[in-house]
Amino acid sequence: MPLVPSSLVTTDWLAEHLTDDNLVILDASWFMPSSTRKPQQEWSEKRIPSARYFDFDKKIAEPSTQFPHMLPSPELFEKAVSELGINNDDAVVVYDTHGLFSAPRVWWMFKAMGHKNIAVLDGGFPAWLAGNNPIEKGELAAAEITVYKAAFEPEWVIDADTLESLLDDHSVAVLDARGAARFFGTEPEPRQGVRGGHMPNAKSLPFSQLIKDGFFIDKELLVNRFNAVSDIEQRLIFSCGSGVTACVLALGAELAGRKMLTVYDGSWTEWGSTYKYPVVK
């Protein structure tokens with residue numbers, strides 16, 4: 001059984017292990033609501049061999065909420081992952097067609113459900129293509145259904161009320177992955193009815209500052225980015241627009257050696273549209 005060497009693997013590593021037993025590859029591509037691109041259609045037209053499409057936006061998401069792609073219950077996650085043919089002892093590698101954008105969301109989901117052997121492909125599908133690695137297209141044979149069991153780890157996720165109670169707690173740092181203009185409220189939010197600005201005491205750390213040309217920046221630079229906005233012993237809570245790029249920060253923080261990492265799943269879509277929560281500009 002292959003074990004991922006860390007939470008981030010290279011295309012060379014994946015190419016070397018491509019045909020290993022118990023290795024599952026997931027395409028977690030997702031685009032902003034304003035985009036006309038269709039990620040599942042693109043997956044069917046061109047993908048890493050044997051990659052299965054992981055739909056965290058519509059299918060593997062909590063159905064009983066008004067907010068987009070919220071973390072599903074362990075029971076829903078178990079069912080969906082079992083239908084993808086994934087076992088608890090599988091090594092899972094997740095990629096997206098941006099390079100590094102939505103794949104860390106699925107990495108975080110698996111982490112929250114207790115899966116240890118999970119990694120994101122650095123550089124994503126563009127890096128895979130640039131390396132002249134094999135691709136496939138067309139329909140993929142249905143996976144043999146497994147019996148996956150989640151072991152939910154609640155420290156990976158936080159709700160809005162709990163987060164609000166921690167905003168003045170100096171043992172916590174809230175890091176916002178949105179662009180600086182959205183953070184400071186000088187640029188309107190892309191979703192209607194969502195206020196501009198940020199949470200009291202939150203710090204701005206745009207996810208784009210952790211990435212260069214679709215790859216994570218070097219570990220030393222990652223360490224410096226997080227040290228600039230937080231203390232090493234602080235618990236880090238990550239937020240963004242709708243809980244996707246917050247997971248880029250979570251993965252980057254783990255790569256930088258940080259512990260106590262939590263994602264605010266509802267993120268600014270929930271906070272900015274729920275008027276009982278305070279907003280600063």
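Summary table
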| item | result |
| --- | --- |
| Qualifying residue in the range 170-179 (condition: within 13 Å of Pro278 (Cβ to Cβ) and of a type in the set (Val, Ile, Thr)) | yes |
| Conditions (1) in the same structural domain as Phe216 (by TED's automatic domain parsing); (2) more than 16 Å from Val157 (Cβ to Cβ): number failed by Tyr264 | (2) |
| Members of the range 103-123 that are small (Gly, Ala, Ser) and either assigned by TED's automatic domain parsing to the domain that holds Phe216 or over 13 Å from the mean Cα position of the chain (by Cα) (or both) | Gly114, Gly123 |
| Lone unmet requirement of (1) hydrophobic (A, V, I, L, M, F, W, C); (2) without any contact (Cβ under 8 Å) to a residue 24 or more places away in the chain; (3) farther than 28 Å from Thr97 by Cα for Val147 | (2) |
| Looking only at the range 169-202, and only at residues there that are β-branched (Val, Ile, Thr) and surrounded by 15 or more Cβ atoms within 10 Å (Cβ to Cβ), the one that is nearest to Cys247 (Cα to Cα) | Val174 |
| Test: residue in the range 65-76 that is aliphatic (A, V, I, L, M) and buried (at least 18 other Cβ atoms within 10 Å of the Cβ) | yes |
| Among (1) farther than 24 Å from Gly179 by Cα; (2) touching a residue at least 12 places away in the same chain (Cβ under 8 Å), the one test that Asn132 misses | (2) |
| The range 27-45, subset surrounded by 15 or more Cβ atoms within 10 Å (Cβ to Cβ) and touching a Lys or Arg at 6+ places or on another chain (Cβ under 6 Å), residue nearest to Pro190 (Cα to Cα) | Phe31 |
| Scan of the range 47-71 for residues that are free of Cβ contacts under 8 Å to residues at least 24 places away in the same chain and in contact with a helix residue (DSSP H, G or I) (Cβ under 7 Å, 6 or more places away or on another chain), ordered by number | Asp55, Lys59 |
| Residues being over 23 Å from Thr245 (Cβ atoms), modelled with pLDDT of 95 or more, charged (D, E, K, R) and in a loop (DSSP other than H, G, I, E, B) - total across the range 21-63 | 1 |
| Selection status of Ala80, within 28 Å of Gly241 (Cβ to Cβ) and either touching a His at 6+ places or on another chain (Cβ under 8 Å) or surrounded by 20 or more Cβ atoms within 10 Å (Cβ to Cβ) (or both) | no |
| Asp96 farther than 22 Å from Asn22 by Cβ and without any contact (Cβ under 8 Å) to a residue 40 or more places away in the chain | no |
| Residue that is on the phi > 0 side of the Ramachandran plot, of a type outside the set (Phe, Trp, Tyr) and in contact with a strand residue (DSSP E or B) (Cβ under 7 Å, 6 or more places away or on another chain), where the choices are Gly257, Gly252, Gly243 | Gly243 |
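The values are calculated or read from the model by the stated rules, or taken from the named source; none is laboratory data. Just so you know, these numbers come straight off a predicted model, no measurement behind them. Using ideal geometry, Cβ is built from the backbone for each residue, glycine included, and neighbour counts are taken over all protein chains shown.
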